[in-house]
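Undergrad: Got a structure for you, questions after.
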Amino acid sequence: MALENNTIRTGRVGRGITGKVLVGRLGWTVISFLTLLVLWAVVAAIMQSRLFPGPLEVGDKLLSEAASGELFYHVGLTLGRVAAAFIAAMAIGCAIGIALGRAKGADLFFDTWLIFFLNLPALVTIILCYVWFGLTETAAILAVAINKIPNVAVTVREGARSLSRDLNEMSEIYRFGFWKTLRHVTLPQLAPFFAAAARGGLALVWKIVLVVELLGRPNGVGEQLHIGFQLFDVSMILAYAIAFIVVVQVIELCVLQPLEARANRWRR
C-alpha cells in the first residue's frame, strides 16, 4: 500500500512538473510574440510603404480571407498534404533508421545512399516527381516525403546506435520476448529521438509543401502565396504565411512538446 501511494504521488509530481514547464513555455511564447508584433508595427510606421504593411493591414486581410472561407479552404488543403507527407516520412524514416542503427553491415552499405539523398536539393526532387508522375497529389506528397525521410533516418539511426546493451541483456535474461522488449526497453530509449525527428520534420515538411504547391498545385497556401506575388499583394502573402505559422505553432505547443515531455519523463 505504501509503495502504491508513493507511486501515485510520484506520478502526480511528474505531471505537475510537466504542466508547469508547458505553462512556462507558453508564457514566454506569448511575450516573445507580442514583442515581435510591436517591433513590426514600429518598423511599418517608420517605412510607410505599401510593400511593408503593418500588423493592422495584414490583420484586415486575414479577417477578410477568413470571412470568405478562402483562408480555411487553402490552409486545410495544405495541412492535409503536410500530415500525409509527415506520416509517410516518419514511418519510413524510422524503420530505415532503426534497421541501419542495429545492422552495422547495412549501415556501412547504405550510408552513401543516405548522404546522397540528404544533399539532393528539394527543388530537384519536386520537379522530378512532377515530371515522372504528373501534377498530381501523389506526386506532391511523394516529393515532400522523399525530402524528409533521410533526415528522420539519420536522427533515429543515432538513437538505435546508442541503445543500452545492459538493458537488452536484461530483457534476454528475463525472457521478455520480442514485443515486450520492444515496448518496455527499445521504444522508451528511442522515444526522444522520435520526438526530435518529429519536431524538426514538421518545420521542414510544411515549408517544402508550400514550394510543391507553388510549382504544381491549383490550391493551397503555396498557390495563394504565388498569387500574392503576382499581384504584389504583400498583405495577402503575410496573411497566409502567418495563418499557417500559427497552425503549425499550435501543433508544436499542444501536440509535439507534450509528447516530447512524456517521452523524456522516464529519464532522470
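Undergrad: With n ≥ 4 as the cut-off for DSSP H runs, can you work out [θ] at 222 nm for the chain, using -39500 (n - 2.57) per run divided by the number of residues, rounded to the nearest 500? Can you show the working numbers first?
TA: Values: 12 runs with 224 residues, N = 268.
Result for the chain, helices only: -28500 deg cm²/dmol.
Undergrad: In the full protein assembly as shown, how much of L118 is accessible to a 1.4 Å probe, in Å² to the nearest 10?
TA: Surface accessible to solvent at L118 totals approximately 70 Å².
Undergrad: How tilted is helix 2-47 with respect to the longest principal axis of the chain? Cα atoms for both, answer in degrees (0 to 90, nearest 10).
TA: Computed tilt is about 20 degrees.
Undergrad: In whole Hz, what ³J(HN,Hα) sequence does the range 78-88 give by Karplus (6.51, -1.76, 1.60; θ = phi - 60°), x for Gly and Pro?
TA: 5, 5, x, 5, 4, 4, 5, 5, 5, 5, 5
Undergrad: OK, next. Considering the alpha-carbon set of the range 101-174 alone, what are its Rg and its Dmax in angstrom?
TA: For the range 101-174, the Cα-based Rg and Dmax read 17.3, 55 Å.
Undergrad: With viscosity set to 1.002 mPa s and temperature to 20 °C, compute the Stokes-Einstein D of the range 134-227, Rh being the Kirkwood radius across alpha carbon pairs; µm²/s, no decimals. Don't skip to the answer; put the middle values down first.
TA: On the way: Rh = 15.7 Å.
Using the Kirkwood radius from Cα pairs, D works out to 136 µm²/s.
Undergrad: Of all the Cα-Cα pairs you can form in the chain, what percent are over 23 Å apart? Intermediate values should be presented prior to the final figure.
TA: Working: 23085 of 35778 pairs.
Value for the chain: 65 percent of Cα pairs lie more than 23 Å apart.
Undergrad: In square angstrom, what is the accessible area per residue of the chain with a 1.4 angstrom probe?
TA: Per-residue accessible area for the chain comes out at 61 Å².
Undergrad: Could you state how much accessible area M47 has, in square angstrom rounded to the nearest 10, with a 1.4 Å probe and all protein chains kept in place?
TA: 100
Undergrad: Can you tell which of I141, I31, I242 shows the greatest fluctuation in a Gaussian network model of the chain with Cα springs below 10 Å?
TA: I31
Undergrad: Related question: Taking a 26 Å limit on the Cα-Cα distance, which of the listed pairs K104/K207; K104/K148; K61/K207 fall beyond it?
TA: K104/K207
Undergrad: From the convex hull of the Cα coordinates of the range 58-135, what is the mean projected area in square nanometres?
TA: Averaging across all directions leaves 7.8 nm² for the Cα convex hull.
Undergrad: Can you give me the % of accessible surface on the chain that is carbon or sulfur? Probe 1.4 Å, all protein chains present, nothing else counted.
TA: Carbon and sulfur: 70 percent of the exposed surface of the chain.
Undergrad: With every protein chain in place, what's the accessible area of R157 (1.4 Å probe, Å², nearest 10)?
TA: For R157, the solvent-accessible surface is approximately 20 Å².
Undergrad: Could you tell me the relative contact order of the range 123-268? Use alpha-carbon pairs under 8 Å, at least six residues apart, and round to a whole percent. Don't skip to the end; give the middle numbers.
TA: Values: 112 pairs, mean separation 36.7, N = 146.
Answer for the range 123-268 is 25 percent.
Undergrad: Determine the order of K148, K207 by accessible area, beginning with the largest, at a probe radius of 1.4 Å.
TA: So, going from the largest accessible area down, we get K207, K148.
The values are calculated or read from the model by the stated rules, or taken from the named source; none is laboratory data. Given the structure is predicted, the values throughout are model-derived calculations rather than measurements. Just so you know, the surface numbers come from the protein's heavy atoms only, side chains and all, with ligands and any DNA or RNA stripped out. Shrake-Rupley method; radii C 1.70, N 1.55, O 1.52, S 1.80 Å.
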